[in-house]
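Below you'll find the structure, written out as structure tokens, and then a few comments.
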């Protein structure tokens, strides 16, 4: 009887401890059962470097030791979902679990961390979730033989790889029925936002891609909404590195009745130069007079989504003005851009249609 009472007291003590900490600790098998539920969000709270060396499939990555962890987590994690959290050994994830519990989240912590997970023979992934067979990728070579890769993510979202640098332009986590797994992508070295519309300005995407060394560059309006960021106005130029420059150029509507979508002077297009390769990211614009000043473009991304940006006819006109070597129509939604390659075939502009709906 005495032994039974002791055991009951021990169980009561354990229950009290669990209640006090507010989150559940699960062993490997219990954790695996939890994350098998599609409504459970998996969170890795290690550093970005640790994450890249191996992580659980479909895990988000937010470093618990990074300043502003709780606010960043709240901006990314749905409040109505269970959060399954892990780290290397379980210590950092316990800190994260406690912080998230205080914010009202239901949290499950992996005891023993990814060490225990691996020891149990459970799988981890190290490969990038954005291999060339997942998103369409186009490669170009700079004047000094460096490779620039463009990943067609969605709509106006472009990921650029260059010389070990990660560049993200207008990233979004979801557009229509398409979801982009930005959490599993490398943190951005440079993050460019053209303007404030939801299909270009997504705070969840920004938070997921922002690391300790990320430089975010945008217009005045978006910087005000975020509370931070390097502001560029039309005509400004930044030397980001010895071989990387960025120019902000105008992007606006001119057609009567459309000016309210993108008023003149508010939004940016960008000219990004990587080791001599000149890339024009037009942003949301029509075929404006200032395009006549844009010269020597190797790769151009131009929008075609009436009534917000250009009609196909305007896009053809804009391409004939700028004369890029390669043109990617983007931001085209349901607009039919299939005739554009034939319309520009005799003008020395190679048109590549990718999934930028």
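Search region 49-93 for residues being in contact (Cβ under 8 Å) with a residue 40 or more places away in the chain and part of a helix (DSSP H, G or I), and hand back the single one that is surrounded by the most Cβ atoms within 10 Å (Cβ to Cβ). The residue in question is 93.
Could you list all residues from region 305-315 that are farther than 15 Å from residue 289 by Cβ and surrounded by fewer than 23 Cβ atoms within 10 Å (Cβ to Cβ)? Please lay out each step first, then the result.
In the first step, residues of region 305-315 are kept if they are farther than 15 Å from residue 289 by Cβ; the result is 305-309, 311-313, 315.
Correct list: 306, 307, 308, 311, 312, 313.
If you go through region 343-352, how many residues are at pLDDT 90 or above and surrounded by fewer than 18 Cβ atoms within 10 Å (Cβ to Cβ)? Qualifying residue count, region 343-352: 3. For region 228-240, the set of residues classified as in a strand (DSSP E or B) and surrounded by 14 or more Cβ atoms within 10 Å (Cβ to Cβ) consists of 230, 231, 238, 240, listed by residue number.
Can you confirm whether residue 327 is in the same structural domain as residue 150 (by TED's automatic domain parsing) and in contact with a helix residue (DSSP H, G or I) (Cβ under 7 Å, 6 or more places away or on another chain)?
Against the criterion (in the same structural domain as residue 150 (by TED's automatic domain parsing) and in contact with a helix residue (DSSP H, G or I) (Cβ under 7 Å, 6 or more places away or on another chain)), residue 327 qualifies.
Restricting the search to region 157-192, which residues are touching a strand residue (DSSP E or B) at 6+ places or on another chain (Cβ under 6 Å), buried (at least 20 other Cβ atoms within 10 Å of the Cβ) and under 17 Å from residue 333 (Cα atoms)? Passing the criteria: 158, 170, 171, 172, 180.
The values are calculated or read from the model by the stated rules, or taken from the named source; none is laboratory data. Everything quoted here is computed from the prediction, not taken from an experiment. Note that each Cβ is placed from the backbone with ideal geometry, even for glycine, and that neighbours are counted across all protein chains shown.
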